[in-house]
Amino acid sequence: MPNRILLLFYVLLSVVHLGVEELQVEWLILTTKPLLVSILAFWFWKTAGGNASRFSKFLLLGLIFSVGGDTLLMFVEHGPQLEVFFLLGLGSFLIAQLCYTYALWTYPKVREGIIFRKPWVVILFLGYLVWVLTTLWAGIPGPMRLPVGVYATAIVAMAISAANLYGRISSNLFWGFFGGVLLFVLSDTLIALNKFGEPIVGARLAIMFTYLLAQYLIAVYGSRLLLTSKS
């Protein structure tokens, strides 16, 4: 299947999935959700071709573990409907974040990025981390506080790593990839606020829309970054 058709299939299936999420058609949710990022991962693998860089390998691993996270979190509300799947899904996404983060730190000229040139930028990201944890802390059950705290720290680390691309690549590539990472952070923030805080109207669609767009941008712009990478 041509690569462009795979991306088009991802977009169309995303629209279908958002529709069945809104209508709560369980069997279609269970069918479409695991397929979505699987398609992106397959597309990225095909597009990367013979590129054997650490950046390519770990970006692909991040997509693969995201599929695991999608599948496990799906079972919190559907299928077995056991809360343990939330922690398992969180763990799978944690590994995905670590893979993305490691991939970004293997990208060329890492010490020329904005984090090394202007370390104070990190304060902005740490401010988000403090805000989200203090906002949600009281609503997070005791046994889940450590896993949630570790995950929040990991996704902030991924955002910092993506921000460090600034100054090393073209503006278009940077904002495309970094925009995907920020949407990932936003999606996870909405999940946390909706689960541990006050319920948010329309949260289900907002969470999935931002997440699906985030993974699309990370995969597409990640593949373009491969063209400028020689590591």
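Looking only at segment 110-135, residues that are within 27 Å of L61 (Cα to Cα) and not in a helix (DSSP H, G or I) come to 1 in all.
Residue selection: T135 fails the criterion of being farther than 17 Å from S187 by Cβ and hydroxyl-bearing (S, T, Y).
Taking residues in segment 57-80 that are assigned to a helix (DSSP H, G or I), and partners anywhere that are modelled with pLDDT of 95 or more and open to solvent by 40 Å² or more (accessible area, probe 1.4 Å), the pairs with Cβ atoms closer than 7 Å and at least 6 places apart or on different chains are F58/Y102; F65/I95; V67/S38. Taken over segment 166-187, the criterion of being open to solvent by less than 30 Å² (accessible area, probe 1.4 Å) and under 17 Å from the mean Cα position of the chain (by Cα) is satisfied by F174, G176, F177, F178, G179, G180, V181, F184, V185, S187. The set of residues in segment 146-156 that are surrounded by 11 or more Cβ atoms within 10 Å (Cβ to Cβ) and either out of contact with any Leu (no Cβ under 9 Å at 6 or more places or on another chain) or of a type in the set (A, V, I, L, M) (or both) comprises V148, V150, A152, A154, I155, V156.
Restricting attention to segment 3-23, the residues being of a type outside the set (K, R) and open to solvent by 80 Å² or more (accessible area, probe 1.4 Å) number 7.
All conditions in (1) in contact (Cβ under 8 Å) with a residue 40 or more places away in the chain; (2) part of a helix (DSSP H, G or I); (3) within 21 Å of the chain's Cα centre (by Cα) hold for Y107, with the sole exception of (2). Restricting attention to segment 162-211, the residues being in a helix (DSSP H, G or I) and not aliphatic (A, V, I, L, M) number 20.
Just one of the listed residues (L87, L59, L36, L129) is under 18 Å from the mean Cα position of the chain (by Cα), of a type in the set (A, V, I, L, M) and open to solvent by 30 Å² or more (accessible area, probe 1.4 Å), and it is L87.
State yes or no: is A96 modelled with pLDDT of 95 or more, of a type outside the set (K, R) and either open to solvent by less than 40 Å² (accessible area, probe 1.4 Å) or in a loop (DSSP other than H, G, I, E, B) (or both)? Yes: the conditions hold for A96. You will find that of A219, A159, A214, the residue that is under 26 Å from V84 (Cα atoms), assigned to a helix (DSSP H, G or I), open to solvent by less than 60 Å² (accessible area, probe 1.4 Å) and at pLDDT 90 or above is A214 and no other.
The values are calculated or read from the model by the stated rules, or taken from the named source; none is laboratory data. This structure is a prediction, so every number in the text was calculated from the model and none was measured. Positions of Cβ are backbone-derived with ideal geometry, glycine not excepted, and every protein chain shown enters the neighbour counts. Ligands, DNA and RNA are stripped out before the accessible areas are found, and what is left, the full protein with its side chains, is counted by its heavy atoms. Shrake-Rupley method; radii C 1.70, N 1.55, O 1.52, S 1.80 Å.
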